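Here the structure is laid out as structure tokens; the discussion comes afterwards.
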Amino acid sequence: MSETESAIDHITTDAMSTASPAKSLGDPGITPLSPSHSSKDADSSEPSAPSFVVVVAIDFGTTSSGYAYSFTKEPECIHIMRRWEGGDPGVSNQKTPTTILLTPDRKFHSFGYAARDFYHDLDPTEARHWFYLEKFKMKLHTLANLSIETDIQAANGKRVKALDIFSYALSFFKDQALKELSDQTGAEFNNADVRWVITVPAIWKQPAKQFMREAAYKAGLVSRDNPDQLIIALEPEAASIYCRKLRLHQMIDLCSKTAVNGYSPTESVGAGMVQAKEHVRRNRQSRTFLVENVIGELWSELEEGDRYVVVDCGGGTVDLTVHQIRLPEGHLKELYKASGGPYGSIGIDYEFEKLLCKIFGPDFIDQFKIKRPAAWVDLMIAFESRKRAAAPDRSNPLNINLPFSFIDYYKKFRGHSVEHALRKSNVDFVKWSSQGMLRMNPDAMNALFKPTIDHIIQHLSELFEKPELTNIKFLFLVGGFAESPLLQHAVQNMLQGRCRIIIPHDVGLTILKGAVLFGLDPGVIKVRRSPMTYGVGVLNRYVEGKHPPDKMLVKDGTRWCTDVFDTFIAADQSVALGETVKRSYTPAKPSQQVIVIHIYCSEREDVAFISDPGVRKCGTLRLDVSGTESPATRREIQTLMQFGDTEIRAMAVDVTTSRSVKASIDFLSQ
């Protein structure tokens, strides 16, 4: 930060005292906008919205990714991306693995299966110079101090800038989608005609959402001058929007007492899933899904005010959202702030890795990953297909192929055989088969699932205790991990018939299809809940007995209380789409060019001071007041902030001249 800026910064917080004491008493400052108001959000579904020809949604997942699109003239047709490469044995997936490969000089080389296959075929000595990354999306959730400079580790142990990786991946999908659209329309397709949608977990904090947006700018999906061309969609919301459209033949009802898809509920859950997959496989050739433009059959059972939960179980996170239906339009209202955690299916991969460390030693596994990275990828692919075969009622063992180089490298490393290690390790239920495989008893496989599933069930149990979750009608289980019979079984056991559990067919594509629908009509979710409390620090008139003495500041004979937290919006507060929070700020000096205001946040609902425990500085509101100089001695800049969308937005106006002031909120440069 430059000296002048920090000086301004310092003055500003001070200057706020002039406008804020009156403002921050009495007037909560939250006023819903009437439709005629000029700052009505352009994104809401008004007929005057920018005319995009097509909506393209990118589901950027932890383990797999893909895109889908729909032409605005035929919104009932959703096209899933065409397959341009191979798949994995035992894993049916229309998406592609979220894996990326950079050349030794850090340039983009390939994405998905192509990246994995090329990397796999490199000589181990050469592979060390290439940058291979997978499962990197979780870094945006787990890092406490995410910034534009954040770097992540590639398989060779070297670090690369996260922003480069994310923008390369988005750029890859942009090129694939535009190429497919050009082929379909028979002419070069213009990016300006596309509204882009990128999905993120609902539990992601603002910095992670902003990071995705920055990556999209860098990838050239949209320009900073036209930010509304890109919408950030929340994954469980997208799923919820799609689930509204379900027909009875497009889903499995785990709790139904009647047959669904010709199976009675006493038969295994798995049987229904097998048939669902078969149904999907038959439809796969077309790749186009028809969506009801009316509300689906399931919804005909829903009445005004009915509530349901969407549990999005992905590779990295499990994300829960609680919605209430508002008829007749079928708009949605969020009833409880998004919750969840890092309990995705990659947790099972980590448990498998821990098991291997227990058997072969962590020193060997660490070395093997660096010296034979491609073989490690192979081993995890073999595990993935067996992981999908785990089921509550399975009795026969699961065999996992150990790559030859694993067996060979272990013998060189330890001086004895893999078989010897297994005998010596005393790990129950894992044996060596003469065909060169790890033979896992079903109990051993189920034990790998247990920590992750326990987390999910504990979270669900706590959520169902909340008053907002009484009388839930349906629980929709979506995301790739929702296909797991072990998870389905655990959710069924926990709920004990309290509500119906619905699993859409092709459950791994639910979010992608919902994200397209959201891009076509972003105004469908009318009310959200703020995940956190946001506000700024202000000076208030000091009140004896109410304010702590150590917060008193005397200025020009007036006593002020410092560090008062002026709440914009509280955690779990209900906020409507387009609703704004208004505040006025005054530049300290007429010549001031920029006003910088620190934004603070907290998980707690009631915050009194910015120095309270759990309150932290999380962003800056920047008002560019250059060029709005006016003869008025005191300029008032009115700021409008919106918290009802998937991202926080700010707009500002110079009250004296009615001129628009450039306002931006930054959550990344802390």
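The values are calculated or read from the model by the stated rules, or taken from the named source; none is laboratory data. Computed from a predicted model, the values in this text were never measured in an experiment. Virtual Cβ from ideal backbone geometry, glycine too; neighbours counted across all protein chains shown. Protein only, heavy atoms only, side chains kept; ligands, DNA and RNA dropped before computing areas. Shrake-Rupley method; radii C 1.70, N 1.55, O 1.52, S 1.80 Å.
For the residues Arg159, Arg116, Arg394, a 1.4 Å probe over the protein chains yields an accessible-area ranking, largest first, of Arg159, Arg394, Arg116. Exceedance of the 25 Å cut-off in Cα-Cα distance is limited, within the set Lys73/Lys333; Lys546/Lys589; Lys354/Lys424, to Lys73/Lys333; Lys546/Lys589. Net charge in the neighbourhood of Arg414 (other residues with Cβ under 15 Å of its Cβ; Lys, Arg +1, Asp, Glu -1) is +3.
Ordering Thr150, Tyr119, Thr98 by the projection of their Cα atoms onto the charge dipole of the stretch 90-215, which places +1 on the Cβ of Lys and Arg and -1 on the Cβ of Asp and Glu, puts Thr150 at the extreme positive end.
Rounded to the nearest 10 square angstrom, Phe481 shows an accessible area of 10 square angstrom against a 1.4 Å probe. Heavy-atom accessible area with a 1.4 Å probe sorts Asp175, Asp556, Asp612, largest first, into Asp556, Asp175, Asp612. Glu462 contributes about 100 Å² of solvent-accessible surface, heavy atoms of the protein only, 1.4 Å probe. Distance between the pseudo-spin-label points of Glu465 and Ile148 (7 Å out from Cα toward the beta carbon): 4.4 nm. Here is the P(r) of the stretch 335-413: all C-alpha pair distances, binned every 5 Å from 0, give 3, 12, 21, 23, 15, 10, 7, 4, 3, 2, 1, 0 in whole percents.
Residue ranges 403-410, 330-337 sort as 330-337, 403-410 when ordered by packing (mean number of other C-beta atoms within 10 Å per residue, highest first).
Each Lys and Arg Cβ is given +1 and each Asp and Glu Cβ -1; about its Cα centre, the stretch 304-394 then shows a dipole of about 300 debye.
Just how large is the dipole of the stretch 72-229 about the Cα centre, in debye to the nearest 20, putting +1 at every Lys and Arg Cβ and -1 at every Asp and Glu Cβ?
620
If you sort Thr656, Thr639 by accessible surface, 1.4 Å probe, largest first, the order is Thr656, Thr639. Remark: the stretch 473-587 carries a charge dipole of roughly 300 debye about the Cα centre, counting +1 on each Lys and Arg Cβ and -1 on each Asp and Glu Cβ. Highest mean packing comes first when the peptides 577-588, 378-389, 489-500 are listed by Cβ atoms within 10 Å, giving 577-588, 378-389, 489-500. When the surface is traced with a 1.4 Å probe over the full set of protein chains, His455 keeps roughly 90 Å² accessible. For Gln496 and Leu290, what is the calculated FRET efficiency with R₀ set at 35 Å and r taken between the beta-carbons, to the nearest 0.05? My answer for the efficiency is 0.45.
In the structure displayed, which of Lys209/Lys582; Lys174/Lys513; Lys371/Lys431; Lys179/Lys218; Lys466/Lys617; Lys135/Lys205 lie more than 21 Å apart, Cα to Cα? In this structure, Lys209/Lys582; Lys371/Lys431; Lys466/Lys617 lie more than 21 Å apart at Cα. Structural size metrics of the stretch 123-200, computed from C-alpha coordinates, are Rg and Dmax of 16.5, 47 Å. One Cα centroid belongs to the stretch 517-584, the other to the stretch 105-157; the line between them spans 41 Å.
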